[in-house]
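The values are calculated or read from the model by the stated rules, or taken from the named source; none is laboratory data. Every value quoted in this text rests on a predicted model; they were computed, and no experiment measured them. FYI the Cβ positions are ideal-geometry reconstructions off the backbone, even for glycines, and counts take in every protein chain you see. Just the protein is used for accessible areas: all its heavy atoms, side chains included, with ligands, DNA and RNA removed. Shrake-Rupley method; radii C 1.70, N 1.55, O 1.52, S 1.80 Å.
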Amino acid sequence: HDNVLMFKVLFLTNRSVNGPSAPEFNITGFNPKAWKVNTNLSYIHANYNFKLPDGRTGLAFNSSPHKPSAATAVLNQSFGRDLYIDMTIKLPKRFRFKIGSCLIGYGGGWTGYGWFFKGAIENRGNGRVIRDIPLSNDFVPLKISIKDGMLDLVYNNMVVIEKLPVKLSAYGNSFSMETWWNDKIEFTVGKISSKPEKIIINKVNHPVVK
């Protein structure tokens with residue numbers, strides 16, 4: 001009798017006890033309903049029918065000089081620790097991408113500063129951010145892939161961020177882009193998905209890392 005283990009099941013489930021799971025989604029091409037710009041402010045401007053030089057439709061948005069708020073385009077789709085973004089984009093000299101509580105930017109509030117990352121990272125892996133990747137004056141590809149919180153970013157076929165273990169919630173994260181003054185962000189979407197893809201390969205052109 002002393003070798004009998006007695007127990008009672010109080011709660012049993014095959015779902016995560018930490019909260020709802022992240023949604024699965026796949027957005028192909030530019031959908032104006034997938035984005036929201038803060039045009040409730042009179043000095044923020046957005047064109048949801050912007051035409052790229054190749055004829056594709058996208059979004060262009062900007063703020064105005066001497067105004068307090070940035071122009072912000074928010075993706076109307078939450079995600080968890082996995083994300084894939086494939087865009088064609090023309091970026092100004094000052095901008096920020098927000099991914100959950102993390103911030104990726106260029107310019108640091110002024111021109112010439114380069115790329116930077118701000119946010120919490122996990123104590124695993126050896127990620128890196130390459131600050132001096134040059135910006136292009138043309139429309140170029142931008143790819144972001146996050147797999148289980150491991151962030152890669154490739155801009156104009158050059159690695160900017162590689163294997164950076166960012167801290168993200170299991171669900172409820174958002175993605176947004178912002179710029180200020182009279183700088184403008186113009187882009188269209190190839191694909192946005194909850195399923196990350198491999199975007200860094202050995203043959204990627206890179207002026208810094210061989």
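Of note:
- Mean separation of Cα pairs under 8 Å and 6 or more residues apart, divided by the residue count, gives the range 25-146 a relative contact order of 21 percent.
- Restricting the range 65-110 to chymotrypsin sites (Phe, Trp or Tyr not before Pro) in coil, as DSSP defines it, with at most 14 other Cβ within 10 Å: 110
- Placing R0 at 35 angstrom, the Cβ-Cβ distance between residue 182 and residue 28 gives a FRET efficiency of 0.65 after rounding to 0.05.
- Å² per residue, accessible surface of the range 71-210 at 1.4 Å: 46
- Net charge of the neighbourhood of residue 114, taken over other residues with C-beta under 13 Å away and scored Lys/Arg +1, Asp/Glu -1, is +2.
- Annotation: average projected area of the range 50-128 is 7.5 square nanometres, based on the convex hull of Cα atoms across all directions.
- Members of 67/163; 51/147; 90/147; 98/191 lying beyond 28 Å, as alpha-carbon distances in this model show: 67/163; 51/147
- Fully extended contour minus Cα-Cα distance, from residue 78 to residue 57, at 0.36 nm per residue: 5.2 nm
- Applying the criteria of a DSSP loop state and at most 11 other Cβ atoms within 10 Å to the trypsin sites (Lys or Arg not before Pro) of the range 114-164 yields 124.
- Total charge dipole magnitude, the range 74-158, about the Cα centre, Cβ charges on Lys, Arg, Asp, Glu only, Debye to nearest 20: 260
- Set of lysines near residue 93 by C-alpha distance (under 16 Å), chain-local residues within fewer than 8 positions excluded: 184
- Estimated translational diffusion coefficient (Stokes-Einstein, Kirkwood radius over Cα pairs, 4 °C, 1.567 mPa s) of the range 74-181: 92 µm² per second.
- Considering only 158, 66, 145, and ranking their Cα positions along the charge dipole of the range 62-184 that arises from unit charges at the beta-carbon of Lys, Arg, Asp and Glu, the one farthest toward the positive end is 66.
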